[in-house]
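The values are calculated or read from the model by the stated rules, or taken from the named source; none is laboratory data. Everything numeric in this text was worked out from a predicted model, so none of it was measured. All Cβ positions, glycine included, derive from the backbone under ideal geometry; neighbour counts span all protein chains shown. Accessible surface areas use protein heavy atoms only, side chains included; no ligands, DNA or RNA. Shrake-Rupley method; radii C 1.70, N 1.55, O 1.52, S 1.80 Å.
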Amino acid sequence: MAEACENRPTAQAALWIGTLLQQFPELSTELVPGRTAPAHRPAAMRPPADLGARLREEREEQLLLQQRHGLVAPGHGAAPLRLHVSDAIRDITDGVLELEEAVRDRLGLPRPRRAPVPERLRRIASLLDRVAADAVLAAHVRDETRRMARRCARALGDTETVVRVAGRCPWCESVSLRAFPDRAAVLCVNPACRCPEPDCGCHDDPAYRHTWDEGEWARA
């Protein structure tokens with residue numbers, strides 16, 4: 001159990017890195033919706049005789065919608081850039097770059113070579129065993145990967161699956177245990193819960209909840 005306690009921040013970081021590796025590529029798809037081009041263009045067709053009148057009618061309808069309600073008629077104009085997704089991509093890209101540089105600097109390693117975000121994440125994951133020996137660095141990696149994974153999920157509009165777990169929390173005795181299948185983890189969602197492990201994030205982060213991964217929960 002002592003070894004599990006020492007590795008808890010990096011075990012959590014590994015879960016968040018896995019989430020980022022799965023979801024970050026989806027941000028590019030969500031950035032500009034509806035921009036996929038058809039595989040085959042249809043053969044040219046003779047325009048209907050009343051095309052001009054219909055286009056004028058549609059433009060008048062669009063203008064009326066804009067004037068009255070600030071709405072844009074569907075099908076007009078280019079697909080809008082989703083700025084909140086663009087901001088999330090930039091934030092996560094910068095965050096992963098800075099985190100990898102901080103990890104390597106703290107471990108006495110040379111600066112990392114340029115690479116896409118997924119490769120940088122995998123390189124950070126490969127260093128987690130060494131990171132675990134530095135409590136301050138391990139907590140920082142855990143906190144940053146958690147922050148970026150949550151930012152990514154919010155940008156994608158994801159709602160995480162939550163399953164109520166029978167029984168009481170071993171630490172606070174409340175019926176507040178929840179399973180998160182996507183993370184393969186069990187959390188105590190009671191804000192007042194504090195576990196006896198000094199390196200757990202529940203002591204220093206109000207948004208953090210004590211977490212067991214699948215293996216730990218099975219042993220508990």
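Summary of computed values
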item	result
Single match in LEU107, LEU127, LEU121, LEU137 (criterion: touching a Lys or Arg at 6+ places or on another chain (Cβ under 6 Å) and under 14 Å from THR10 (Cα atoms))	LEU137
Qualifying positions in the stretch 161-179 - closer than 21 Å to PRO9 by Cα and either under 24 Å from the mean Cα position of the chain (by Cα) or open to solvent by less than 50 Å² (accessible area, probe 1.4 Å) (or both)	CYS169, CYS172, LEU177, ARG178, ALA179
